[in-house]
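The values are calculated or read from the model by the stated rules, or taken from the named source; none is laboratory data. Only a predicted model underlies this, so the values are computations on that prediction, with no experimental measurement involved. Ideal geometry is used to build each Cβ from the backbone, glycine not excepted, and the neighbour counts take in all protein chains shown.
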Ligand code: KG4
Ligand code: ZN
């Protein structure tokens, strides 16, 4: 038990969400996310526009997080920010802000790895059940797809990763082919109908060990669409639900098959998923079924902690704060940060 409450400000700015959160120990007092709508017209995140939007949003978002937490900023014990991986221009806005803030208040600065944060988001909350070590952390986002053995908070080993596209990227690229807005994952999920999920058959790639691949799948979707729209230009419109359902079914099949393989091979039966795609309704349903059938202990994050958010940066900040694992003001933002 920690006698004293610590208040941590978390800042996330790695991609296209500007977010700030205040935590009181492991409890979230506020979590503000400002999503950048500007990218929709471009069908994907435009890095230069993303950093400009962060620049506009960062002060109002942090102010609102502190206001909603109902604390005085002088009570903050530390400021944690995303060091990487991510888009350089976006990361720099968060890191410059966090550094100035820590200097201004004379409080410790804590750099956080965004991918560790997606996994450690499971330690948010005072009362909630937490995964016990070792567990398999499955990170499914727009930029990354990783299978990680989590031996301790900061002792993680990546055992599998995508060889090409990330799973969220596969959702988004397939959506783009279908004419859906970016990011297409949530819309494909919305249109998904399990009864129509076998309307079109796509191959499951055979990738060795714990690794994954999604680009061959995307090409098979593209080829099917091309072949059919050549014959009927209204093919997509007539089959939108069948296409979305079959795409989602196959993508979730690819990842669940790998999760089953990973559990069998590592003998680790505690699984925690994270990242934007962990919001997917069919993935959640399937994993819950698998967990019940096979006695897995499954951890699914609350919806607000699936896509990018600063509460997950704040919880890592808190865990590092307890270990006095502080960062120097010279810490550099890193687009391809490893752990
Ligand atoms: O973790 P995240 O917010 O950002 C990155 O770190 O990349 O993940 C964003 C990704 C996008 O590709 C988006 O399409 C996907 O998560 N996503 C979903 C769903 N909600 C968000 N994919 C499938 N089903 C969803 N419900
Ligand atoms: Zn993310």
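Points to keep in mind about this one:
- Filtering 143, 175, 216 for residues that are out of contact with any strand residue (DSSP E or B) (no Cβ under 6 Å at 6 or more places or on another chain), within 16 Å of ligand 2 (Cβ to nearest atom) and in the same structural domain as residue 276 (by TED's automatic domain parsing) leaves a single hit, 143.
- Index of the failed condition, residue 70 passing every other in (1) surrounded by 17 or more Cβ atoms within 10 Å (Cβ to Cβ); (2) farther than 27 Å from residue 273 by Cα: (1)
- Of the strands (runs of 3 or more DSSP E) that lie entirely inside the range 84-160, those containing 3 or more residues that are farther than 15 Å from residue 320 by Cβ span 135-140, 145-152.
- If the condition is being more than 14 Å from ligand 1 (Cβ to nearest atom) and at pLDDT below 95, then the range 114-145 contributes 126, 127, 128, 129.
- Test result for residue 269, within 30 Å of residue 133 (Cβ to Cβ), more than 16 Å from ligand 1 (Cβ to nearest atom) and in the same structural domain as residue 172 (by TED's automatic domain parsing): yes
- Among the residues of the range 12-32, the ones that are more than 14 Å from ligand 2 (Cβ to nearest atom) and either crowded, with 23+ Cβ neighbours inside 10 Å or without any contact (Cβ under 8 Å) to a residue 12 or more places away in the chain (or both) come to 7 in all.
- The set of residues in the range 260-289 being touching a strand residue (DSSP E or B) at 6+ places or on another chain (Cβ under 8 Å) and surrounded by fewer than 22 Cβ atoms within 10 Å (Cβ to Cβ) consists of 262, 263, 266, 268, 269, 270, 288.
- The one condition from (1) in contact (Cβ under 8 Å) with a residue 24 or more places away in the chain; (2) in a loop (DSSP other than H, G, I, E, B); (3) touching a strand residue (DSSP E or B) at 6+ places or on another chain (Cβ under 7 Å) that residue 45 does not meet is (3).
- Considering residues of the range 146-166 that are closer than 13 Å to residue 255 by Cβ and in contact (Cβ under 8 Å) with a residue 60 or more places away in the chain only, the residue farthest from ligand 2 (Cβ to nearest atom): 160
- Residue match in the range 200-209 (condition: at pLDDT 95 or above and closer than 30 Å to residue 37 by Cβ): no
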